[in-house]
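What follows is a single structure, written as structure tokens, with notes after it.
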Amino acid sequence: MKYLKKYRIPFSGLSTGKHSFDFEIDEKFFACYEHSLIKEGNLKAVVDLQKQENMLIATFDIQGTIQLTCDVCLSTFDSPVHLQERALVKFSDEDWDNDTDEVITLSKNDYELDIAPLLYEYINVAVPPYPKCSENGDGISCDPEMLDRIQNEEDSSDLDSEENIDPRWEALKNIKNN
């Protein structure tokens, strides 16, 4: 977890106004999260921090590629990612457990903003629910050899299912809807 310390922005010494920070995100970042959907990637995050007297506005521009496994052919492929997000950071002395997706509350004594969890969440939410080479890759298609194997398996299982029909159900084939 020491690796994630570099994803902290010390805002206490910053002047009021806009500040920009660049972060590289790679497999070391994803390795810090045990159950991450993504194991490898090459991304760059540009974080613009607008410091105001009583709040911070952080805008994230994340670009690069993440490595996914195709749900159809099981090949790994690089999927391009480009996303933009925004988070508001409020300062309060009260205990505030009602953080939302867009509003984060910090104590007035805090001096840095840890963006690692935000980056992790934003990137993982961008992962498609059913990754496919042809849909999520950049100009690639599924492995033709694997698709042939899948098709051959389906064809042989269809033949097997027709040959292994239980004779008790065979009589039902002759019933027609009137």
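The values are calculated or read from the model by the stated rules, or taken from the named source; none is laboratory data. This structure is a prediction, so every number in the text was calculated from the model and none was measured. Using ideal geometry, Cβ is built from the backbone for each residue, glycine included, and neighbour counts are taken over all protein chains shown. Ligands, DNA and RNA are stripped out before the accessible areas are found, and what is left, the full protein with its side chains, is counted by its heavy atoms. Shrake-Rupley method; radii C 1.70, N 1.55, O 1.52, S 1.80 Å.
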Practice item. Using only the Cα atoms of the range 1-79, build the gyration tensor, take square roots of its eigenvalues as a ≥ b ≥ c, and label the shape rounded, prolate or oblate: rounded if a/c is under 1.5, else prolate if a/b is larger than b/c, else oblate. Key: prolate
Review point. (i) 16.5; (ii) 17.1; (iii) 20.2: which one is Kirkwood radius over Cα pairs in Å as calculated from this entry?
Key: (iii)
Point to revise | Percent RCO, i.e. relative contact order, over the chain, from Cα pairs under 8 Å lying at least 6 residues apart | key: 19
Practice item. Could you work out the relative contact order of the range 22-77, using alpha carbon pairs under 8 angstrom and six or more residues apart, expressed as a whole percent? Key: 29
**Study point:** Dipole moment magnitude, nearest 20 debye, the range 1-74 about Cα centre, only Lys, Arg, Asp, Glu C-beta charged
**Key:** 360
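Please give the per residue accessible area of the range 1-111, computed with a probe of 1.4 Å over protein heavy atoms only, in Å². Display every interim value, and only then the final one.
Working: 6950 Å² over 111 residues.
Heavy-atom accessible area per residue stands at 63 Å².
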Practice item. Tell me which residues come under 5 Å, amide H to amide H, from residue 19 once H is placed; ignore anything under 5 positions away on its chain. Key: 49, 50, 51
Study note, to complete from the structure: In degrees, nearest 10, the alpha-carbon axis of helix 116-125 is tilted away from the dominant principal axis of the alpha carbons of the chain by 30
Review point. If each of residue 134 and residue 26 carries a label point 7 Å out from its Cα toward its Cβ, how far apart are those two points in nm?
Key: 3.5
Point to revise | Long-range HN-HN contacts of residue 81 with modeled amide H, under 5 Å | key: 64, 65, 66
Check your understanding: In nm, to one decimal, how far is the residue 172 label point from the residue 86 one, both placed 7 Å along Cα→Cβ?
Key -> 5.8
Revision key, fill the gap. Set 5/90; 44/90; 2/51, cut-off 24 Å on Cα-Cα distance; pairs above it are 44/90; 2/51
Check your understanding: Rounded to the nearest 5, what is the percent of antiparallel bridges among the DSSP beta bridges in the range 1-124?
Key -> 90
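For the range 54-132, what % of the accessible area comes from carbon and sulfur atoms, probe 1.4 Å?
Of the solvent-accessible surface of the range 54-132, carbon and sulfur hold 46 percent.
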Check your understanding: How long is the gain from residue 107 to residue 15 if the chain were fully straight, where each residue apart is worth 0.36 nm and the alpha carbon distance is subtracted?
Key -> 31.3 nm
Check your understanding: Against the longest alpha carbon principal axis of the chain, how many degrees, from 0 to 90 and to the nearest 10, is the axis of helix 144-163 turned?
Key -> 40
